[in-house]
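Take a look at the structure set out below.
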């Protein structure tokens, strides 16, 4: 999708929100689209309407014209049009021949800079969705690292490290999860060091990128296992959000660390009962090999804090418990610092990436106590699973503000009208991270 800030011209299809139409109804009258959308809080209705309109034109392409008078309307129209214009059929025969859709946005001059900014954000959001929708035989950890390296330039540098380097640094969590796969794991490190940035703040972004998760020896059920290609959505979001921050020229230092691997069975796969030593020296007893995300994040979190991150936010499709708690609409998040939590709240509200805060409390720590190691990676009680994962991660986040996002909406299995999407990656987190970076300036 391309955004042009101009008034409608001959040949453009004009679109408008019609509250009298149904939630997914689109009517075309000559050169005008009238789009219905549910009565949603804020500008979610307009975002959904823009998505419906774009989806109805996606096959034929062309230009669709909207008018906006406020910043919230600009955000909703640009984002919604991008959602609707997106095509998840990356591997279909005629994908490269698809028509282009242009958004002609009639907005006051003072909002045109925002429209250009949001075009950058949604371009990286679409790239995040492409990564999540690529199959695991194509998007390996090495392929993800290669994609990240392709984003380097200007003040953004990218490096990636393989199995030997991971072992040499004592990253026992990432090394163990990767041991069952013959494919090379990667620790991807991105650094944005712009001139004029605040010297006392470095945002650490940490992402889980399990490019396929079978559950390991604690095997998942076969039903919907194909969706486990999306278990790298948190890692994809932080990679593309970092690139967006760099492209927008935000004067904020950023250190992004993504732990990437498969979690599969093999003769060297880690087992329930194993005890792993993480790079900060703490040990974890393995109860369930399908609780692998927290293990690779533990090493990535310690690396980010040890290399100068003052504020850390990690993003991961971490627990089925969060999916059951919040469905595909909100992400659950945890935070150890109230000032940082306020920044997260504002970023979530402004971005449209909805997030609901969950509690951290030291009394939950006893759930992961182990008789044999410093902690265990799962509880056998089935209680508070998402909170227990967060409590484990807190052991590796170090001193300083930290937020953990358990991002259930990053990969969805049923249609959402605001995404105009039936299933697949949503790009959740990219918008939120860019807004969070703005909050820290």
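The values are calculated or read from the model by the stated rules, or taken from the named source; none is laboratory data. All values derive from a computational prediction rather than experimental measurement. So basically every Cβ, Gly included, is an ideal-geometry build from the backbone, and we count neighbours across all protein chains shown.
Look at (1) in contact (Cβ under 8 Å) with a residue 60 or more places away in the chain; (2) within 30 Å of residue 199 (Cβ to Cβ); (3) assigned to a helix (DSSP H, G or I) and you find that residue 294 fails only one, number (2). Being part of a helix (DSSP H, G or I), outside the structural domain of residue 423 (by TED's automatic domain parsing) and surrounded by fewer than 24 Cβ atoms within 10 Å (Cβ to Cβ) holds for only one residue in 93, 73, and it is 73.
What about residue 420, is it more than 22 Å from residue 229 (Cβ to Cβ) and touching a helix residue (DSSP H, G or I) at 6+ places or on another chain (Cβ under 6 Å)? Here the answer is no, as residue 420 does not meet what is asked. Would it be correct to say that residue 380 is assigned by TED's automatic domain parsing to the domain that holds residue 306, without any contact (Cβ under 8 Å) to a residue 40 or more places away in the chain and under 19 Å from residue 271 (Cα atoms)? So residue 380 does not fit the description; no. Scanning for something surrounded by fewer than 24 Cβ atoms within 10 Å (Cβ to Cβ), at pLDDT 95 or above, within 30 Å of residue 200 (Cα to Cα) and under 20 Å from the mean Cα position of the chain (by Cα), does region 265-286 turn up at least one residue? No. Can you tell me which residue within region 320-336, out of those that are touching a strand residue (DSSP E or B) at 6+ places or on another chain (Cβ under 7 Å) and surrounded by fewer than 22 Cβ atoms within 10 Å (Cβ to Cβ), is modelled with the lowest pLDDT? That would be 328. Contact annotation: no residue pair with Cβ atoms under 6 Å, 6 or more positions apart or on different chains, pairs a residue in region 250-275 that is in the same structural domain as residue 240 (by TED's automatic domain parsing) with a partner that is surrounded by 19 or more Cβ atoms within 10 Å (Cβ to Cβ) and modelled with pLDDT under 95. Could you grab me the full set of residues in region 120-133 that are surrounded by fewer than 22 Cβ atoms within 10 Å (Cβ to Cβ) and either out of contact with any strand residue (DSSP E or B) (no Cβ under 8 Å at 6 or more places or on another chain) or farther than 20 Å from residue 316 by Cα (or both)? If the condition is that a residue be surrounded by fewer than 22 Cβ atoms within 10 Å (Cβ to Cβ) and either out of contact with any strand residue (DSSP E or B) (no Cβ under 8 Å at 6 or more places or on another chain) or farther than 20 Å from residue 316 by Cα (or both), then 120, 123, 126, 127 are the ones that fit. Going residue by residue through region 218-228, is there one that turns out to be crowded, with 23+ Cβ neighbours inside 10 Å and not in a loop (DSSP other than H, G, I, E, B)? No, the conditions are met nowhere in region 218-228.
Per-residue answers, yes or no, for (1) at pLDDT below 95; (2) in contact with a strand residue (DSSP E or B) (Cβ under 8 Å, 6 or more places away or on another chain); (3) more than 19 Å from residue 284 (Cβ to Cβ):
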{"residue": "362", "(1), (2), (3)": "yes, no, no"}
{"residue": "384", "(1), (2), (3)": "yes, no, no"}
{"residue": "414", "(1), (2), (3)": "yes, no, yes"}
{"residue": "434", "(1), (2), (3)": "no, no, yes"}
{"residue": "437", "(1), (2), (3)": "no, yes, yes"}
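For region 76-90, a residue qualifies if it is assigned to a loop (DSSP other than H, G, I, E, B) and either touching a residue at least 60 places away in the same chain (Cβ under 8 Å) or under 14 Å from residue 117 (Cβ atoms) (or both), and the qualifying residues are 86, 88.
Residue-wise test of (1) surrounded by 15 or more Cβ atoms within 10 Å (Cβ to Cβ); (2) touching a helix residue (DSSP H, G or I) at 6+ places or on another chain (Cβ under 8 Å); (3) part of a loop (DSSP other than H, G, I, E, B).
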| position | (1), (2), (3) |
| --- | --- |
| 136 | yes, yes, yes |
| 139 | yes, yes, yes |
| 145 | yes, no, no |
| 166 | yes, yes, no |
| 196 | no, no, yes |
